[in-house]
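Trainee: My questions will all concern the structure given below.
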Amino acid sequence: PAERMYFFCFSRAGAACLGSVNLKGRSCLTLKDFSSDEIKKLLWVSGDLKHRIKHEKQYLPLLQGKSIAMIFEKRSTRTRMSTETGFTLLGGHPCFLTSQDIHLGVNESCTDTARVLSGLCDVVLARVNSHSTLEELDREASIPIINGLSDLYHPIQILADFLTLQEHYGSLNGLTVSWIGDGNNVLHSFMMTAAKLGVHLKAATPKGYEPDKSVTEEAHRLAKQHGTQFILTSDPMEAARDSNVLVTDTWVSMGQEEEKKKRLKDFHGYQISMQTGSVAKSDWTFLHCLPRKMEEVDDQVFYSSRSLVFSEAENRKWTIMGLIVSLLTDYTPRIPMLKF
């Protein structure tokens, strides 16, 4: 299935349309700011780079002479490794910066940091506590800013998720994705993206853990605009019913450790198991952005053939590469356009 995506072509008109999409110089703080065609172009470039570099063993130094500043206020495995290895693979130089390495917002303002980094590197990826930090960096920088995770959105995760589903199913249009868990930044990013790809989205969250109201309003608007379904519920089995994809995430994010006992109680009944999948479609699969805890999904699902989590984790690299190449170069994919 991982190879199937490379042999689909959409239409000449569609390819011409996406071929004209140019994202060079843009920032990526949220996929809310990206159109349907722009998101499809990002996935197309990502799939193309994966095919040429991983499968055809080509060397593509597209970022030769370029550097990226990676600001991390929160620790990470996948975001750090995917960005460092991906940027290096394309011939560029990554610079990893923690709160111990720079003065962001403490001894030096975000404004000054943004202006300094604009003169020293070509792009900034920032994994931050507050989304407002990204917005300030973007206002003051003259180079692209990429959201590596904030309290509101996690766009680079969703690109990896949809590339993974595209590889597995061959097409995204008409799929139903069901989120079962917290109304958090990852769900927000699904809500800003799914409808634009023709994907139906259902989300089950416990009462009191619903997604942000303004994000929810926008998700309903997007679903109406693109002719898809967007459903919110507090019943996990209702969300899972007739779904192609079951998705969850951590119930206790970084910074919420003091709430752990209450959260585990409030999320009782939300663990994804084969019983959850029994009401889904026969071809259902499972996604989790990791790291994973047993209470969120049991081993029977997590390590089953239905689980795409490790392909999903690898695709963090190919999609961050696709995003950065799109923001910094005029690269045109070589493989036939993916079927959306």
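Trainee: Kindly indicate whether any position in the stretch 304-322 is outside any strand (DSSP E or B), touching a residue at least 40 places away in the same chain (Cβ under 8 Å), surrounded by fewer than 15 Cβ atoms within 10 Å (Cβ to Cβ) and not hydrophobic (A, V, I, L, M, F, W, C).
Mentor: No, there is no match, as no residue in the stretch 304-322 is outside any strand (DSSP E or B), touching a residue at least 40 places away in the same chain (Cβ under 8 Å), surrounded by fewer than 15 Cβ atoms within 10 Å (Cβ to Cβ) and not hydrophobic (A, V, I, L, M, F, W, C).
Trainee: Please verify whether R263 is touching a Phe, Trp or Tyr at 6+ places or on another chain (Cβ under 6 Å), closer than 22 Å to N129 by Cα and open to solvent by less than 20 Å² (accessible area, probe 1.4 Å), treating the condition exactly as stated.
Mentor: yes
Trainee: Then there is this: Exactly one of these conditions fails for D138: (1) open to solvent by 40 Å² or more (accessible area, probe 1.4 Å); (2) of a type outside the set (K, R); (3) outside any helix (DSSP H, G or I); (4) in contact with a Leu (Cβ under 9 Å, 6 or more places away or on another chain). Give me its number.
Mentor: Checking D138 against (1) open to solvent by 40 Å² or more (accessible area, probe 1.4 Å); (2) of a type outside the set (K, R); (3) outside any helix (DSSP H, G or I); (4) in contact with a Leu (Cβ under 9 Å, 6 or more places away or on another chain), the one that fails is (3).
Trainee: Then there's this: Checking P291 against (1) closer than 30 Å to G92 by Cβ; (2) open to solvent by less than 60 Å² (accessible area, probe 1.4 Å); (3) not polar (S, T, N, Q): exactly one of these is not met. Which one?
Mentor: (2)
Trainee: Then there's this: Of all residues in the stretch 101-122 being part of a loop (DSSP other than H, G, I, E, B) and open to solvent by 60 Å² or more (accessible area, probe 1.4 Å), which is modelled with the highest pLDDT?
Mentor: If we filter the stretch 101-122 for residues that are part of a loop (DSSP other than H, G, I, E, B), which is where we start, we get 101-103, 105-107, 109, 121-122.
Filter once more, keeping what is open to solvent by 60 Å² or more (accessible area, probe 1.4 Å): 101, 103, 106-107.
On the way: D101: 80, H103: 67, V106: 71, N107: 74.
Going through the qualifying residues, I end up with D101.
Trainee: Another one. Would you call S326 closer than 27 Å to L60 by Cβ, open to solvent by 30 Å² or more (accessible area, probe 1.4 Å), assigned to a helix (DSSP H, G or I) and among the small types (G, A, S)? If you could, list the steps in order and put the result at the bottom.
Mentor: Working: closer than 27 Å to L60 by Cβ: yes; open to solvent by 30 Å² or more (accessible area, probe 1.4 Å): no; assigned to a helix (DSSP H, G or I): yes; among the small types (G, A, S): yes.
For S326, the condition - closer than 27 Å to L60 by Cβ, open to solvent by 30 Å² or more (accessible area, probe 1.4 Å), assigned to a helix (DSSP H, G or I) and among the small types (G, A, S) - is not met.
Trainee: Mind checking which residues of the stretch 79-100 are out of contact with any Asp or Glu (no Cβ under 7 Å at 6 or more places or on another chain), open to solvent by 50 Å² or more (accessible area, probe 1.4 Å) and farther than 17 Å from S118 by Cα?
Mentor: Correct list: R80, M81, T85, T88, L89, Q100.
Trainee: Output the number of the condition that N184 fails; it satisfies all remaining conditions of (1) out of contact with any helix residue (DSSP H, G or I) (no Cβ under 9 Å at 6 or more places or on another chain); (2) open to solvent by less than 10 Å² (accessible area, probe 1.4 Å).
Mentor: Condition not satisfied by N184: (2).
Trainee: Any idea which of (1) more than 13 Å from L159 (Cβ to Cβ); (2) open to solvent by less than 30 Å² (accessible area, probe 1.4 Å); (3) in contact (Cβ under 8 Å) with a residue 60 or more places away in the chain is the one R334 doesn't satisfy?
Mentor: Unmet for R334, out of (1) more than 13 Å from L159 (Cβ to Cβ); (2) open to solvent by less than 30 Å² (accessible area, probe 1.4 Å); (3) in contact (Cβ under 8 Å) with a residue 60 or more places away in the chain: (2).
Trainee: Could you list all residues from the stretch 226-272 that are over 17 Å from P206 (Cβ atoms) and at pLDDT 95 or above?
Mentor: Result: H226, G227, T228, Q229, F230, R241, D242, S243, N244, V245.
Trainee: Among the residues in the stretch 195-210, are any open to solvent by 60 Å² or more (accessible area, probe 1.4 Å), within 20 Å of the chain's Cα centre (by Cα), in the same structural domain as W284 (by the TED database) and closer than 21 Å to Y153 by Cβ?
Mentor: Filtering the stretch 195-210 for residues open to solvent by 60 Å² or more (accessible area, probe 1.4 Å) gives 207-208, 210.
Right, trim to within 20 Å of the chain's Cα centre (by Cα) and you get 210.
Now narrow it down to the ones that are in the same structural domain as W284 (by the TED database): 210.
After this cut, where a residue has to be closer than 21 Å to Y153 by Cβ as well, the list is 210.
Yes - at least one qualifying residue is present in the stretch 195-210.
Trainee: Looking for something under 13 Å from the mean Cα position of the chain (by Cα) and assigned to a helix (DSSP H, G or I) - is there at least one such residue anywhere in the stretch 217-226?
Mentor: no
The values are calculated or read from the model by the stated rules, or taken from the named source; none is laboratory data. Source: prediction; values computed, not measured. A quick note on method: Cβ atoms are made from the backbone with ideal geometry, for glycine too, and the neighbour counts reach across all protein chains shown. These area figures cover heavy atoms from the full protein model, side chains too; ligands, DNA and RNA do not enter into them. Shrake-Rupley method; radii C 1.70, N 1.55, O 1.52, S 1.80 Å.
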